[in-house]
Amino acid sequence: MKERRFAVAPLAAGLLAGALLAPIAATAATLTIATVNNPDMLVMQKLSPAFTKETGIKLNWVVLPENTLRQRVTTDIATHAGSFDIVTIGTYEAPLWAKNHWLDPVGNLGAAYDLADIFPSVRAGLSYNRTLYAVPFYAESSMTYYRKDLFKAAGLTMPAHPTYDEIKTFADKLTDPAKGIYGVCLRGLPGWGENMAYLTTLVNTFGGEWFNMKWEPQLTSPAWEKAITFYVDLMKKDGPPNATSNGFTENLALFSTGKCGMWIDATVAAGYLYDPAKSKVAADVAVAPAPTDVTPHGAHWLWSWALAIPVSSRQAVDARKFLAWATSKSYIGLVGRTQGWVAVPPGTRESTYKNPEYLKAAPFAPLVEQMILSADPLHPTMNPVPYTGVQFVGIPEFQGIGTTVGQDIAAALAGRETVAQALQSAEASTRRTMTEAGYIK
Amino acid sequence: MQHDKAPLSGAIAAWIVACLMFFPILWMTVTAFKTEGEAVAIPPIILFRPVLQSFAAATAQSGYLLFAANSVIVSFASTALAILIAFPAAYAMAFQPGKRTKDLLVWMLSTKMLPPVGVLVPVYLIFRDAGLLDTRAGLVIVDTLMNLPIVVWMLFSFFRDIPRDILEAARMDGVGPRGQMTHLLLPLASPGIASAALLAIILSWNESFWSINLTAAHAGTLAAYIARYSAPEGLFWAKLSAASVLAVAPILLFGSLAQRRLVRGLTVGAVK
């Protein structure tokens with residue numbers, strides 16, 4: 001008995017050591033890609049064996065939640081650890097990280113790539129000092145979704161360019177609590193990429209801005225007060241209950257199950273809402289431009305999930321090959337042929353919007369193109385501002401500021417504070433952060 | 001009568017609390033068998049036709065087996081290493097205490113109060129230079145160090161309950177410290193060691209911060225596997241639930257198999 005016990009111990013230790021120290025895949029032609037989990041990225045993962053077959057380059061996927069990905073990749077790049085060869089970033093990070101010299105320029109991906117085919121506004125959003133640092137995988141703006149059947153039943157017509165006053169009138173008429181229908185669904189979940197993405201476009205079109213040219217916060221200005229009061233009143237009267245827990249996903253679920261008369265949100269939701277297999281309202285949904293108030297400046301946003309190569313990558317040459325493959329015209333064709341044309345990554349290339357098969361499968365496409373082309377991240381507001389970005393402010397501090405202000409406004413929406421109190425608190429915390437960061441002298 | 005009523009109401013209260021605590025796990029399991037549309041339906045759907053598509057999606061695209069194998073290897077190896085280090089440490093502290101033993105114990109526990117993110121960058125740099133990033137060996141080291149204070153504390157309190165006279169008698173017979181540990185302490189404290197080990201396995205299994213931050217494509221554990229189903233756009237509730245069921249199932253099974261020993265170990269020394 002005793003001998004056997006002693007024999008087992010070294011065997012177990014040996015096995016354990018073997019399992020721990022076994023060489024775990026690190027061949028030269030393997031790229032590690034850090035990405036977020038969303039439907040278009042899943043399609044890319046699914047189709048990527050075609051790239052491996054073509055080039056012999058293997059791919060490892062590291063999929064993380066958006067904020068974790070940002071923190072994880074930032075740590076890795078800042079310490080030059082080189083864990084990732086390709087990273088998925090948005091229009092918020094691309095210029096900031098390029099400024100920190102964290103990204104390789106990706107302007108030259110070969111003659112066959114046709115860079116000029118990518119929408120200029122999207123290229124501008126991913127550039128820093130006129131150099132492109134990330135190539136768009138898909139891009140989106142925001143627009144108004146509405147229910148044709150409910151509008152018809154209520155005797156309403158959606159104008160070609162709706163205003164917020166009209167939206168309010170429509171919402172009042174469409175709301176029918178007995179049938180479980182809310183006139184309008186809007187984001188209420190606090191977060192810089194959640195409620196503040198939408199609310200920043202609302203404030204922009206009401207004539208407001210986050211900061212003046214001296215970087216002083218403008219959150220208690222009449223435009224902010226008018227915009228946020230409008231939002232809170234509208235949501236309290238015509239919005240779904242507990243709206244402070246509704247982000248993009250929750251509103252998508254509400255609209256697709258027939259609970260909302262209108263919804264102003266990302267253009268990327270259209271592919272889902274028009275798909276009868278996923279959406280109960282596929283036959284009744286229609287789209288209109290994002291509403292405006294006193295100015296069209298910044299009334300609809302511009303966002304793109306894009307692929308970039310960190311300077312710490314040890315396989316930049318192979319990484320460029322993947323970038324050129326995954327964001328090319330031929331990749332869009334591959335998705336169209338294998339997954340259906342409505343599933344192609346939208347918003348990036350002019351050629352996609354000239355493709356008759358895509359236009360047939362995606363009736364919303366011309367408006368999406370118009371929204372993306374007219375979004376101007378370089379001039380997002382009525383008054384001049386020292387920052388770029390439509391639904392965000394392109395400074396590193398904005399993630400924290402946006403989320404704190406988002407929580408203040410959610411408190412007003414939940415009725416715990418008045419709008420004036422929420423904005424005063426938001427102004428004070430923003431001023432403190434901006435002073436500490438050295439923007440305000 | 002009065003006597004009978006009290007236990008009945010107590011039992012009802014206990015059942016209500018138990019049901020409330022169990023409800024999230026039940027709901028997660030139920031959601032895992034829905035389609036994405038049913039998973040987010042408002043009001044929630046109670047009656048539906050169960051489907052396995054979320055499990056298929058969760059296992060097909062993300063290499064569940066690699067993550068599960070990493071979880072098993074990392075949690076068991078880190079626990080074995082922690083016990084190996086903690087056992088002699090707790091022996092010395094329990095039976096040969098010095099002047100500063102109590103301070104040392106409190107200091108060890110106080111290191112658990114440090115938020116991990118505070119040391120992320122230094123640890124990341126050390127791991128980068130040592131070639132331990134994205135390796136299971138690296139995670140084993142981190143998990144061992146994270147759990148060591150708790151394991152030492154637990155073993156220390158179990159050893160304290162063992163009568164010193166037994167060890168003294170052995171010493172009189174000429175048994176050295178190593179003999180005392182292997183021939184006396186090991187069998188006497190085995191329920192305690194087992195419960196400390198189980199706790200360390202569970203803590204290591206559930207550890208997510210280091211697992212997400214120190215790994216990339218190879219060494220991620222099930223915590224990193226679940227994290228990938230949190231999405232900025234698109235519907236992933238059913239897949240997230242399916243992934244969570246797959247992640248908690250092995251440890252739940254292991255926990256229920258080891259339950260008797262765990263309870264016995266945890267109550268050792270409770271009544272002196």
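List of remarks:
- Residue list for segment B:84-109, restricted to those being touching a helix residue (DSSP H, G or I) at 6+ places or on another chain (Cβ under 6 Å), surrounded by 14 or more Cβ atoms within 10 Å (Cβ to Cβ) and of a type in the set (A, V, I, L, M): B:ALA86, B:ALA89, B:ALA90, B:MET93, B:ALA94, B:MET108
- Test: residue in segment A:152-170 that is surrounded by 14 or more Cβ atoms within 10 Å (Cβ to Cβ), hydroxyl-bearing (Ser, Thr, Tyr) and either outside the structural domain of A:ALA266 (by TED's automatic domain parsing) or under 26 Å from A:ASP40 (Cα atoms) (or both): no
- Subset of segment B:124-139 [among the aliphatic types (A, V, I, L, M) and either closer than 24 Å to B:LEU222 by Cβ or in contact with a strand residue (DSSP E or B) (Cβ under 9 Å, 6 or more places away or on another chain) (or both)]: B:LEU132, B:LEU133, B:ALA137, B:LEU139
- Filter result for the condition that a residue is surrounded by 24 or more Cβ atoms within 10 Å (Cβ to Cβ) and within 11 Å of chain B (Cβ to nearest Cβ), over A:LEU126, A:LEU69: A:LEU69
- Some residue of segment A:85-105 being within 13 Å of another protein chain (Cβ to nearest Cβ), touching an Asp or Glu at 6+ places or on another chain (Cβ under 7 Å), more than 19 Å from A:VAL317 (Cβ to Cβ) and surrounded by 19 or more Cβ atoms within 10 Å (Cβ to Cβ): no
- Taking (1) assigned to a helix (DSSP H, G or I); (2) within 14 Å of chain A (Cβ to nearest Cβ); (3) of a type in the set (A, V, I, L, M, F, W, C); (4) surrounded by 15 or more Cβ atoms within 10 Å (Cβ to Cβ) in turn, B:LEU133 satisfies each apart from (1).
- The residues of segment B:210-230 that are among the hydroxyl-bearing types (Ser, Thr, Tyr), within 14 Å of A:TRP61 (Cα to Cα) and either at the interface with another protein chain (Cβ under 7 Å from one of its Cβ atoms) or not in a helix (DSSP H, G or I) (or both), listed by number, are B:THR215, B:TYR229.
- Any hit, segment B:114-127, residues being more than 14 Å from every other protein chain (Cβ to nearest Cβ) and assigned to a helix (DSSP H, G or I): no
- Segment A:250-282, residues that are part of a loop (DSSP other than H, G, I, E, B) and touching a Phe, Trp or Tyr at 6+ places or on another chain (Cβ under 9 Å): A:LYS259, A:TYR274, A:LYS278, A:SER279, A:VAL281, A:ALA282
- Residue satisfying all of: in segment A:58-82; hydroxyl-bearing (Ser, Thr, Tyr) and in a helix (DSSP H, G or I); farthest from the chain's Cα centre (by Cα) among these: A:THR75
- Sole exception among (1) surrounded by fewer than 19 Cβ atoms within 10 Å (Cβ to Cβ); (2) out of contact with any Ser or Thr (no Cβ under 8 Å at 6 or more places or on another chain); (3) over 24 Å from A:THR201 (Cβ atoms) for A:ALA286, by number: (3)
- Within segment A:33-49, restricting attention to residues that are buried (at least 23 other Cβ atoms within 10 Å of the Cβ) and polar (S, T, N, Q), the residue that is nearest to the other protein chains (Cβ to nearest Cβ) is A:ASN37.
- A single entry from A:ARG130, A:ARG123 fulfils the requirement of being touching a strand residue (DSSP E or B) at 6+ places or on another chain (Cβ under 7 Å), without any contact (Cβ under 8 Å) to a residue 24 or more places away in the chain and either outside the structural domain of A:THR267 (by TED's automatic domain parsing) or more than 20 Å from A:ALA288 (Cα to Cα) (or both): A:ARG123.
- Pick from segment A:52-66, criterion among the β-branched types (Val, Ile, Thr) and more than 8 Å from chain B (Cβ to nearest Cβ), ranking: surrounded by the most Cβ atoms within 10 Å (Cβ to Cβ): A:ILE57
- Taken together, B:SER195, B:SER190, B:SER244 contain a single residue that is small (Gly, Ala, Ser) and modelled with pLDDT of 90 or more, which is B:SER244.
- Residue pairs whose Cβ atoms lie under 6 Å apart, sitting 6 or more positions apart in sequence or on different chains, and linking a residue in segment A:376-395 that is more than 15 Å from A:ASN212 (Cβ to Cβ) to a partner that is aromatic (Phe, Trp, Tyr), are A:VAL390/A:TRP301; A:GLN391/A:TRP301; A:PHE392/A:TYR92; A:PHE392/A:PHE398; A:GLY394/A:TYR387.
- B:ALA247 in contact with a helix residue (DSSP H, G or I) (Cβ under 7 Å, 6 or more places away or on another chain), more than 14 Å from every other protein chain (Cβ to nearest Cβ), under 25 Å from A:VAL73 (Cβ atoms) and hydrophobic (A, V, I, L, M, F, W, C): yes
- Scanning segment B:199-209 for residues that are surrounded by 21 or more Cβ atoms within 10 Å (Cβ to Cβ) and either at pLDDT below 90 or not in a loop (DSSP other than H, G, I, E, B) (or both) yields a count of 4.
- Subset of segment A:50-72 (residues that are over 15 Å from B:ALA227 (Cα atoms) and touching a residue at least 60 places away in the same chain (Cβ under 8 Å)): A:ALA50, A:PHE51, A:GLU54, A:THR55, A:ILE57, A:LEU59
- Applying the set (1) surrounded by fewer than 22 Cβ atoms within 10 Å (Cβ to Cβ); (2) modelled with pLDDT of 90 or more to B:LEU167 leaves exactly one unmet item: (2).
- Filter result for B:ILE212 (in contact with a Ser or Thr (Cβ under 9 Å, 6 or more places away or on another chain), modelled with pLDDT of 90 or more and not basic (Lys, Arg)): yes
- When each of B:ALA58, B:ALA92, B:ALA68 is tested for being within 30 Å of A:SER256 (Cβ to Cβ) and either in a helix (DSSP H, G or I) or under 24 Å from the mean Cα position of the chain (by Cα) (or both), the lone residue that passes is B:ALA58.
- Every residue from segment B:65-82 that is more than 13 Å from chain A (Cβ to nearest Cβ) and either surrounded by 17 or more Cβ atoms within 10 Å (Cβ to Cβ) or polar (S, T, N, Q) (or both): B:ALA68, B:ALA82
The values are calculated or read from the model by the stated rules, or taken from the named source; none is laboratory data. Bear in mind that the values here come from a model prediction, so they are computed numbers and not experimental data. Quick reminder, even Gly has a Cβ in these numbers, built from the backbone with ideal geometry, and neighbours come from all protein chains shown.
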